Amino acid sequence: VADGDQSALTALYDSTSRLVFGLVLRVVTDRSTAEEVLLDVYTQVWRQASTYDAKRGAPLAWLMTIARTRGIDRLRSGKHEHQHKESLDSIGEITAGAPSPEEDTVTAERRSLVRSALETLSAEQREVIELAYYSGLSHSEIALRLGQPLGTVKTRTRLGMIKLRDMLRPMLEGQI
Amino acid sequence: MTDSLKHDSVTKEGQETAALYALGALTQLEARAFDAHLQEGCPTCRAELEQFDQVVGALGSAAPTEAPPTYLRDLLCVRIEKETTETPLPSRSVIPFPDKTIPTLRTPTSTPSAFSRTFLPWAVAAVLLIALAYALTAWQKDRRSLQASIEANKKEAVVLAQQENAALKEQLDNESARSSELAQINAVLRSPQRRIIPLEGQTPAPDSSAKVYWDLQANTWVVTADLPPAPEGKVYQLWFVTPTAKISAGLITPNKAGHGFAVVRFASSVTPLAAAAITLEPAGGSQQPTMPIYALGKVS
């Protein structure tokens, strides 16, 4: 993609759009918003591919980071806040753990590693990390939403992140 | 983490701050303080952050996958095609930032946040800090003029209160307009023969959207649209597209918030209606669409 090759972008789209759309949908919850964000994500990838430095991390992580940032920016702009809040759970039920036939094995392996790492966290640790990740809430907003003291939220985040780091270390060092 | 001391070994607080920073969960102020701490060169905290950044980078893979609708791929191709022909690619002229590689494109409507700063280049954070420091010094030097401005503010407050009243009134007007709008939409939705045509924002304003509620029995179309302010001397025009013609369905004039509403009635039905589109036209509208399409919806 870095050379501005259009077919490379469509190839990237074909192999990653299910992942990116899944993430964006989880963040913004509204389908039509997620569709707009998805287009924005790949347009940004197209524009910035030349500045992407492979030494700085796995390309998939880079892509997912753009997707999350775009999604949360859209969430913050609040345009669609009132819409379809209920769709989140149903989406999760329908598609969780159903890998696409085209999805390559590396991606699938990565997903299952991250999911099983998340499962080793306590429910409370997972909750704060997922709130921060998918909703872009700050620690005090999370504390407010959960009705927990700020210190508790911070500790849960720290312990959860350390555990994730330790669990994911082999994968991250291999830069899957 | 606001202290300027370097950490020789990992502390609980350091880990906590790095973890929250990587997740984008610090407040803006805290994030900037941590930025400054890193800039001063604390290898311990930097190493912690790098690892947590990688964890956050991996988390996205855990979200459930979902196939996007197939037409998005075509839309993407069209958009990229346009980018390629309209703007030269920056591929050779862009110098990568030495640190974070992902400058975030921010929309003007979104609030600046602790989240985005993870991806802002350090340079921006440094500039902000300098600006902040400058503002503080200026403030201390010139308290007198500050007090004078407080006096002025008091007078302004009265004016503001009046403006606020006007704003409230406008809000009420908007709400009553909205409720009559909903009544019209409901009327269409109650019709035994109805169709809803969603219009998607196109390249000039991808955030735009519109909906056409079509009462096939009464030959009535109720249109709602959210569009950016039309440039000086331009108007939005609605078109009904059939295989043989593009029929003007009148102008759409969005309010200050960008919301437009129109009811279109024709003596006879427009069939077969293939699509509805909103274009930008010179003041007064056009006989045939000339300017770019802002929103488009095909009748399936």
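The values are calculated or read from the model by the stated rules, or taken from the named source; none is laboratory data. Since the structure is predicted, the reported quantities are computational estimates derived from the model, not experimental observations. Here the Cβ positions follow ideal geometry from the backbone for every residue, glycine too, while neighbour counts run over all protein chains shown. Quick note on the areas: whole protein, heavy atoms, side chains included, nothing else; ligands and nucleic acids left out. Shrake-Rupley method; radii C 1.70, N 1.55, O 1.52, S 1.80 Å.
Summary table below
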{"quantity": "Complete set of residues in segment A:25-59 that are open to solvent by 30 Å² or more (accessible area, probe 1.4 Å), in contact with a Lys or Arg (Cβ under 8 Å, 6 or more places away or on another chain) and modelled with pLDDT under 90", "calculated": "A:Ser50"}
{"quantity": "Of all residues making up segment A:135-145, the number that are open to solvent by 20 Å² or more (accessible area, probe 1.4 Å) and more than 8 Å from chain B (Cβ to nearest Cβ)", "calculated": "4"}
{"quantity": "Residues (open to solvent by less than 20 Å² (accessible area, probe 1.4 Å), closer than 16 Å to B:Pro198 by Cβ, aliphatic (A, V, I, L, M) and outside any loop (DSSP other than H, G, I, E, B)) located in segment B:263-297", "calculated": "B:Ala275, B:Ala276, B:Ala277, B:Ile278, B:Ala295"}
{"quantity": "Tally, over segment A:118-127, of residues that are within 15 Å of the chain's Cα centre (by Cα) and of a type in the set (A, V, I, L, M, F, W, C)", "calculated": "1"}
{"quantity": "Enumeration of residues in segment B:224-235 that are touching a residue at least 24 places away in the same chain (Cβ under 8 Å) and either surrounded by fewer than 18 Cβ atoms within 10 Å (Cβ to Cβ) or touching a Leu at 6+ places or on another chain (Cβ under 6 Å) (or both)", "calculated": "B:Pro228, B:Pro229, B:Pro231, B:Gly233, B:Lys234, B:Val235"}
{"quantity": "Output for segment A:13-24, where each listed residue is surrounded by 19 or more Cβ atoms within 10 Å (Cβ to Cβ) and more than 7 Å from chain B (Cβ to nearest Cβ)", "calculated": "A:Thr16, A:Val20, A:Val24"}
{"quantity": "Any chance B:Leu59 is facing chain A (nearest Cβ under 7 Å) and either polar (S, T, N, Q) or free of Cβ contacts under 8 Å to residues at least 24 places away in the same chain (or both)", "calculated": "yes"}
{"quantity": "From the options B:Val78, B:Val55, residue that is β-branched (Val, Ile, Thr) and under 30 Å from B:Gly14 (Cβ atoms)", "calculated": "B:Val55"}
{"quantity": "Yes/no for A:Arg169 being facing chain B (nearest Cβ under 9 Å), surrounded by 18 or more Cβ atoms within 10 Å (Cβ to Cβ) and at pLDDT below 90", "calculated": "no"}
{"quantity": "Filter pass, B:Lys256 being open to solvent by 20 Å² or more (accessible area, probe 1.4 Å) and within 19 Å of B:Asp173 (Cβ to Cβ)", "calculated": "yes"}
{"quantity": "Residues (without any contact (Cβ under 8 Å) to a residue 12 or more places away in the chain and either among the small types (Gly, Ala, Ser) or in contact with a Ser or Thr (Cβ under 6 Å, 6 or more places away or on another chain) (or both)) located in segment B:180-209", "calculated": "B:Ser180, B:Ala183"}
{"quantity": "Any hit, segment B:1-11, residues being part of a helix (DSSP H, G or I) and open to solvent by 10 Å² or more (accessible area, probe 1.4 Å)", "calculated": "no"}
{"quantity": "Whichever residue in segment B:35-48 is hydrophobic (A, V, I, L, M, F, W, C) and modelled with pLDDT of 90 or more and, among such residues, is least open to solvent (accessible area, probe 1.4 Å)", "calculated": "B:Cys45"}
